[in-house]
Every structure is written in structure tokens, then in C-alpha cells.
1. Out of (1) open to solvent by 100 Å² or more (accessible area, probe 1.4 Å); (2) at pLDDT below 80; (3) under 24 Å from K62 (Cβ atoms), what's the single condition that is false for L77?
2. Kindly indicate which of E146, E135 is under 24 Å from the mean Cα position of the chain (by Cα) and either open to solvent by 100 Å² or more (accessible area, probe 1.4 Å) or among the small types (G, A, S) (or both).
3. Which of (1) modelled with pLDDT under 60; (2) surrounded by 10 or more Cβ atoms within 10 Å (Cβ to Cβ) does A8 not meet, given it meets every other one?
4. What residue, of Y243, Y236, is under 16 Å from L180 (Cβ atoms), in contact with a strand residue (DSSP E or B) (Cβ under 6 Å, 6 or more places away or on another chain) and of a type in the set (F, W, Y)?
5. What pairs come out if I take residues in segment 236-257 that are under 18 Å from W197 (Cβ atoms) and pair them with residues that are open to solvent by 40 Å² or more (accessible area, probe 1.4 Å) and among the β-branched types (V, I, T) whose C-beta lies under 8 Å away, six or more apart or interchain?
6. Go through segment 247-270 residue by residue and tally those that are exposed (fewer than 11 other Cβ atoms within 10 Å of the Cβ) and hydroxyl-bearing (S, T, Y).
Amino acid sequence: RIGPLNMAGEAVEEDDYMSDAFISMQQDVRPGLPLTRRVKEAYHKEEKHKEANKKSKQKSLKEIETERRDTVLQSALGNENKGFALLQKMGYKTGQALGRNRDGIIEPIPLTIKTGRSGIGHEALQKRKAEEKLENYRKKIQGRKEAEAKAADHFRMRFKNKQEERKVDGDLRKSQRACLHLDGEKGINVPREKWYWAVAEQREDENEEEEEEEEDEEYGDEELSSLEKLEILTAYLRKEHLYCIWCGTAYQDNEDLLSNCPGDCSADHD
């Protein structure tokens, strides 16, 4: 705007107190800095305007309730409270615990403010559902771990059984070869049982009748497992030939066998 004239008769332009230039200038108010009367008046006017805005600003009902509640909760109960007055008549003093033995609570039960719009008990229901979901998840993980451990044990057991079966089959074949050799040394041409000798090394000069009988015997032998055959055959070798397949030795007599052989099974020789 145009201000008063100067000595030369020229109009002097004054700063508008609502302009950015004036605001930026009045913000640089430092102690000891000389201010013109016009700047001081504009500064005080702005401060009054701010204070009036603060006073005129109305608080919401929620803010007012929160302030009142916080004020009341932070202040201790006084004699004007009927409940507190009754406690004092019964001998209660401020700071003491409740109860005959003074072992109760000291502070009042805290007030829990419900801020959501859900119904009463909804939060407890949600919490219970979350706990059940977590428990079900834990049970599922535990069941999966147990299933994996059981499967691993089953696999190890099957692997161990296969190894044992292979070992038994190997010992049985070894016993059959030893039986064929020792029976041959004694002049025995026919085994006591067909499976006593190795199948590939048995003589094939039997007639048809003997073949039919052997088929019947073989049918009966199928009921015996490899372990049972091994036990029977090793007992035969020890009794008839004083021979132990695990020692690999033919002993001189029964006393020599019992005193020097650890036992009649593979586990005794480990």
C-alpha cells in the first residue's frame, strides 16, 4: 500500500503486516534487536490473535471425558466419598492393605476403558479363539514331528531287518556248503534234508519217485524261515561234524568244541 510522502514528495510504500515479507521479518525477533513501533504492534496483534484462537477452540466431548476421568483417577479418595468414609470407620487407614490380616490389595482395582464398538465378551472370545488356534497349530507341529520320527524309526528298523536277513542268508549258504563238503568226506551221498546242501551243487541223478518225494519235502520246507533253517543246520554241523561255521574250525571232540567255541549263534562270536 502507499504510505505517507517523504521529504522529496515521493510516496513511501509500506509493508502489509499480512504479507509474507512482513511475517518472515517478524519471525526474526531476537533479544536486543530494536523494532519499530509498527512491527511491535503487528507482533502483539498476532500473539493476541493466536491466544484468542486457542480460547475459542472447543474441545470434543470425548476429550473432555478423558480429561475428567484422568483427573479423578489420579486423585486419591477423600472423606467426602461415602465408601472411603465407611472404611475409615471400620479402622482402615490410607496405605493399608484390605482384609483382617492386612494381606489384601492396596491399590484399587484398575479401571479398564472399552474403546471399541464390539459387544461385551467379544475380546475374551477373540483371545480364546487365538489361543485355541495357537494350541492346534502346536499340536499339528508336534504330531508332524512324531510322525517323522516314527517314519525314521520304521525305516531304520526295516534297514536293520534287511541287513540281518542278508546276514542270515549268507550264513545259511555258508553252512550248506560246509555241510556238503563234510558229508562228502564221510561218504554221505544224500543229505538228511534237501536244503542241507547248496541247491546249485546237489547231484541231479535222482529218479522220478525221489523227485516227487523231494517236492513234497520242499513244500514242507517252505514253512521254515531262513533263520530256523540256519539254527537246525548249524546244530547238525556241531553235533555230527563238530564244526562251527563262525569259527571256521572242525574241533577234535565235543569237549574241545564246548571249551573253545564261544557259542552256537552269530551274536556269541561278535
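The values are calculated or read from the model by the stated rules, or taken from the named source; none is laboratory data. In this text, all values refer to a predicted model and were calculated from it rather than measured experimentally. Virtual Cβ from ideal backbone geometry, glycine too; neighbours counted across all protein chains shown. Note: accessible area is taken over every heavy atom of the protein model, side chains too, but ligands, DNA and RNA are not part of it. Shrake-Rupley method; radii C 1.70, N 1.55, O 1.52, S 1.80 Å.
1. Single failed check for L77: (3).
2. On the way: E135 fails: either open to solvent by 100 Å² or more (accessible area, probe 1.4 Å) or among the small types (G, A, S) (or both).
One residue alone meets the criteria, E146.
3. With (1) modelled with pLDDT under 60; (2) surrounded by 10 or more Cβ atoms within 10 Å (Cβ to Cβ) applied to A8, the lone miss is (2).
4. Every option except Y243 fails the conditions.
5. Sorted first by the residue in segment 236-257, then by its partner, the pairs are Y243/T249.
6. Number of matching residues: 1.
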